1. What order do you get for 23-31, 82-90, 192-200, 7-15 when each peptide is scored by the mean count of other beta carbon atoms within 10 Å, highest first?
2. Label points 7 Å out from Cα along the Cβ direction at residue 169 and residue 204: separation in nm?
3. If R0 is 45 Å, what FRET efficiency do you get for residue 41 and residue 160 from their C-beta distance, rounded to 0.05?
4. How high is the relative contact order of the chain? Use alpha-carbon pairs under 8 Å, at least six apart in sequence, and give a whole percent.
5. How large is the dipole of region 131-209 about the Cα centre if only Lys and Arg carry +1 and Asp and Glu carry -1, each at its Cβ, rounded to the nearest 20 debye?
6. Starting from the amide H of residue 132, placed 1.01 Å from N in the peptide plane, find each other amide H under 5 Å away whose residue is 5 or more places distant or on another chain.
7. For the peptides 52-60, 167-175, what is the packing order when you average, over each peptide's residues, the other Cβ atoms within 10 Å and list the highest mean first?
8. For the chain, give the magnitude of the charge dipole about the Cα centre (Cβ charges: +1 Lys/Arg, -1 Asp/Glu; no others), in debye to the nearest 20.
Amino acid sequence: MLIPYAAPAEPFHKETEIKKSIFIAHLVPVNSEEEAQKTLEGFRKQYKDATHNCYAWRIGTERVMEKSGDDGEPSGTAGHPMLHVLQMQKLTNLLAVVTRYFGGIKLGAGGLTRAYSSTLADAVKEAPIVLYTPHVRYRLTIPYGAVGGFENYIKDKDIIVRKRDFTDKVVLEFLCLPENGEKHIRFFTDLTGGKAVIEDIGEEYVKMKREIVN
């Protein structure tokens, strides 16, 4: 059974300057620790001239795996504050990297913690964060005479049509929220006088807008 989660819809980055140091926050959707590690290595190569490439990731839904690293900054001043931002925003299946180019002014432990956490938090506020929401996928077979009723019904519903096949009958594949499945099935059964054939063929995620947690 799929579990809803929030993550960036696509990679995102935001640059900021704090006391002459340049901080670049990167947010990347990932689906495994292996993918996160490979993506992190890519950032380290891309920004090999940077002073630090600190990171945090959260992977999974039912059981979330977490990891963070300070990449040479004083222990606990970068990776852990970044991980805390991801936890507070209830984000998972993503890698966060904050690249730092040292500007010559030392920030101290407290200053570093604030710099890394605020840089990432500001990026999260602007990033295209979406809620990956589980939907049930159904295959619906109906006679041609019921097509008009189907199209009218779905106009203001949570139904997303993924496929339409027109042969001797009409075969439609659609997604809907799990809690609305039975209601839709009853309607299509009544619409066709019991002739509709409805199959549950699985689940998949649909991206939906999510508000940022304050």
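1. Values: 23-31: 21.1, 82-90: 18.9, 192-200: 13.4, 7-15: 16.3.
Going from most to least packed, we get 23-31, 82-90, 7-15, 192-200.
2. Label at residue 169, label at residue 204, 2.2 nm between them.
3. On the way: r = 37 Å, r/R0 = 0.81.
Computed FRET efficiency for residue 41 and residue 160 comes out at 0.80.
4. Numbers: 426 pairs, mean separation 52.0, N = 214.
Rounded, it is 24 percent for the chain.
5. Numbers: 13 positive and 13 negative charges, 42 e Å.
It comes to approximately 200 debye.
6. 5, 6, 7, 208
7. Working: 52-60: 23.3, 167-175: 15.4.
Per-residue Cβ counts within 10 Å, averaged per peptide and sorted highest first, yield 52-60, 167-175.
8. Details: 29 positive and 29 negative charges, 89 e Å.
My answer is approximately 420 debye.
A short reminder: the numbers here are calculations on the coordinates, not readings from a lab. Quick caveat, the model's predicted, so the values are computed rather than measured. FYI the Cβ positions are ideal-geometry reconstructions off the backbone, even for glycines, and counts take in every protein chain you see.
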